[in-house]
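Before any comments, here is the structure.
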Amino acid sequence: MLEANSFFTNMVDELVDFSEYDPELAEGLKWIDCEAQKRGITFYEMVFHVLHRHDVDSKAKDWLANRN
């Protein structure tokens, strides 16, 4: 489990580094940071919530489109 956490935090750290060159990504990460502070959770937890929500929504859309 520790290895998975390390992979995730490294991936997020790389996104933060890359955001220096991508203004849209930087804006999104700033929003995530503000939301995390409002909710009293870490930045990494909020990134996980956002990614999880996106995955769930995508799977739901696929299911609706292909249920017949």
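Those residues that are touching a helix residue (DSSP H, G or I) at 6+ places or on another chain (Cβ under 6 Å) and farther than 18 Å from His54 by Cβ, I need them from segment 17-38; list them, please.
Ala26
Which of the residues spanning segment 1-12 are open to solvent by 50 Å² or more (accessible area, probe 1.4 Å) and either part of a helix (DSSP H, G or I) or touching a Phe, Trp or Tyr at 6+ places or on another chain (Cβ under 7 Å) (or both)? Lay out the reasoning, then the answer.
To start, the set of residues in segment 1-12 that are open to solvent by 50 Å² or more (accessible area, probe 1.4 Å) comprises 1-7, 10-11.
Once the filter is applied, which keeps residues that are open to solvent by 50 Å² or more (accessible area, probe 1.4 Å) and either part of a helix (DSSP H, G or I) or touching a Phe, Trp or Tyr at 6+ places or on another chain (Cβ under 7 Å) (or both), segment 1-12 yields Leu2, Glu3, Ala4, Asn5, Ser6, Phe7, Asn10, Met11.
Determine whether segment 45-68 contains at least one residue that is at pLDDT 95 or above and outside any helix (DSSP H, G or I).
No, segment 45-68 contains no residue that is at pLDDT 95 or above and outside any helix (DSSP H, G or I).
Among (1) hydrophobic (A, V, I, L, M, F, W, C); (2) touching a residue at least 24 places away in the same chain (Cβ under 8 Å); (3) in contact with a Ser or Thr (Cβ under 6 Å, 6 or more places away or on another chain), there is one condition Leu25 misses while meeting the rest; what is its number?
Just one mismatch for Leu25, condition (2).
Name the residues in segment 17-44 that are in a helix (DSSP H, G or I), among the hydroxyl-bearing types (Ser, Thr, Tyr) and under 24 Å from Asn5 (Cβ atoms), would you? Talk me through it step by step, then tell me what you get.
Step one: list which residues in segment 17-44 are in a helix (DSSP H, G or I), which gives 17-21, 23-39, 43-44.
Among the residues that remain, those that are also among the hydroxyl-bearing types (Ser, Thr, Tyr) are: 19, 21, 44.
Answer for segment 17-44, where residues must be in a helix (DSSP H, G or I), among the hydroxyl-bearing types (Ser, Thr, Tyr) and under 24 Å from Asn5 (Cβ atoms): Ser19, Tyr44.
Kindly provide the set of residues from segment 13-68 that are surrounded by 14 or more Cβ atoms within 10 Å (Cβ to Cβ) and either on the phi > 0 side of the Ramachandran plot or of a type in the set (S, T, N, Q) (or both), ordered by number.
The answer is Ser19, and nothing else.
The values are calculated or read from the model by the stated rules, or taken from the named source; none is laboratory data. Keep in mind it's a predicted model, so treat the numbers as computed, not measured. Methodologically, a virtual Cβ is constructed for each residue, glycine included, from the backbone with ideal geometry; neighbour enumeration extends over all protein chains shown. SASA here: full protein model, heavy atoms, side chains in, ligands and nucleic acids out. Shrake-Rupley method; radii C 1.70, N 1.55, O 1.52, S 1.80 Å.
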